[in-house]
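Below is one structure, written out as structure tokens; the observations come after it.
The values are calculated or read from the model by the stated rules, or taken from the named source; none is laboratory data. Model, not experiment: these values are computed from the prediction. Cβ placement follows ideal geometry from the backbone for every residue including glycine, while neighbour counts extend to all protein chains displayed.
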Amino acid sequence: MALLNPPNILPEAMRFLVRAVLATRTGLSETELFDTVAPTGMAEVMASGPVAQGDEEDGAAGAGPRGTGRTIAQLSLGALRHLKMVEVKADEVVLADRVTAIWRKVDDVTPTSFAAELEEAILSADGVRVGKDLIDACAVLAAADRPLQAFDGFDESVAIRRFADHQRRLLATDVQASWAVGNKQNWPAFRRVGTYLGWIEPMDTKGRFGVIPNAATALRRWLPTIGAGTYPAGEFVRLAATRLPFLDGGVSSLRRDVGVGSLSGGLSLTLLALRHRGDLELVKEADAGMLEVSTGEGSSELFSHVLVSKAVQKKRGRK
């Protein structure tokens, strides 16, 4: 199983499945669980309503509201099982031990806390195999020049910037099976899961759903784990890559060399966004190894050290 294929997996559906199981304390059969979160007949009711913006242009059958609630619930549960967040014991769905240790009651499973734990599951030794397609897609996006110019389509003629064109140039192949996002059906799934985790950022481009390679939300969750202080630029970049493997120097990154020189557009944008939020400072000291951040908009900046703010210490723990 992969997170982007089939495209019907919804992070919020995964969260509500976890909440439903947690509410029972003892577990539910799959039938009982699906009847709780996706009752039969719901799809017919929803079908009479308006189609959410972007569904038609994405052309992804069943990728969004057009997919039946039952199908979404079934595939989202499958993702939870592959990520080892839930288990099936004696024909009942129960939460994995690591999950019950985190959430004690239903109200604890907020979108923020679930995004953090979903990230932990995906980045685990077993989870990286499930999330490889998503991680690789984030790596391709991070390598884009002009990171502030959003990708607002896969290959649609009306798109201002097409992700298919970017992959074709960057990966130097027309073979879509070799691309990180292989087809139009996987494109909305990439945007949906990636933005939920904070690995990429959504951006409106004249009414279209675009994305840019800003992972500041995810790194902001991680900063308290390394603590406040001053880090040489190269060391900080390497530490960040151990957390998010699609960033420069990470095992899935297309920018493996993080010595002296320019950082990718994605990492540059992420660091500048964290600075804008007050989480860190980019410091330039003489006679020190320099790295360069640039958003491709005609300006760049050198820095030798990263000063992580003491304020991040107050963000320890998950809420």
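If I filter region 160-186 down to residues being modelled with pLDDT under 95 and in contact with a Gly (Cβ under 9 Å, 6 or more places away or on another chain), which single residue comes out as farthest from residue 2 (Cα to Cα)? It comes out as 160. Once region 291-319 is narrowed to residues that are buried (at least 16 other Cβ atoms within 10 Å of the Cβ) and part of a loop (DSSP other than H, G, I, E, B), the residue that is modelled with the lowest pLDDT is 318. Does residue 98 fit the bill of being touching a strand residue (DSSP E or B) at 6+ places or on another chain (Cβ under 9 Å) and not in a loop (DSSP other than H, G, I, E, B)? No. Would a scan of region 285-301 turn up a residue that is under 24 Å from residue 117 (Cβ atoms) and in contact (Cβ under 8 Å) with a residue 24 or more places away in the chain? No, the conditions are met nowhere in region 285-301.
Looking at 109, 99 in this structure, which one is at pLDDT below 95 and either among the hydroxyl-bearing types (Ser, Thr, Tyr) or over 30 Å from residue 294 (Cβ atoms) (or both)? Steps first, please.
Numbers: 109 fails: at pLDDT below 95.
Going through 109, 99 in turn, just one is at pLDDT below 95 and either among the hydroxyl-bearing types (Ser, Thr, Tyr) or over 30 Å from residue 294 (Cβ atoms) (or both): 99.
Within region 224-235, residues that are more than 14 Å from residue 290 (Cβ to Cβ) reach partners that are surrounded by 15 or more Cβ atoms within 10 Å (Cβ to Cβ) and among the aromatic types (Phe, Trp, Tyr) with beta carbons closer than 9 Å, at six or more positions or on different chains, in the pairs 226/236.
Taken as a whole, region 124-134 holds at least one residue that is free of Cβ contacts under 8 Å to residues at least 24 places away in the same chain and surrounded by fewer than 18 Cβ atoms within 10 Å (Cβ to Cβ). Taking first residues from region 85-103 that are in the same structural domain as residue 24 (by TED's automatic domain parsing) and partners that are in a loop (DSSP other than H, G, I, E, B) and among the charged types (D, E, K, R), the Cβ contacts under 6 Å between residues at least 6 apart in sequence or on separate chains come to 96/84. Of all residues in region 210-249, those being over 25 Å from residue 162 (Cα atoms) and assigned to a loop (DSSP other than H, G, I, E, B) number 3. The conditions of being farther than 27 Å from residue 296 by Cβ and either aliphatic (A, V, I, L, M) or touching a residue at least 40 places away in the same chain (Cβ under 8 Å) (or both) are met by residue 175.
Is there a residue in region 59-79 that is out of contact with any Gly (no Cβ under 6 Å at 6 or more places or on another chain), basic (Lys, Arg) and at pLDDT 95 or above? Steps first, answer last, please.
From region 59-79, those out of contact with any Gly (no Cβ under 6 Å at 6 or more places or on another chain) are 59-79; that's our starting set.
Those left that are additionally basic (Lys, Arg): 66, 70.
From what is left, the residues that are at pLDDT 95 or above are none.
So far as region 59-79 goes, no, none of its residues is out of contact with any Gly (no Cβ under 6 Å at 6 or more places or on another chain), basic (Lys, Arg) and at pLDDT 95 or above.
Do we find that residue 145 is of a type in the set (Asp, Glu), at pLDDT below 95 and not assigned by TED's automatic domain parsing to the domain that holds residue 223 in this structure?
Values: of a type in the set (Asp, Glu): yes; at pLDDT below 95: yes; not assigned by TED's automatic domain parsing to the domain that holds residue 223: yes.
Here the answer is yes, as residue 145 does meet what is asked.
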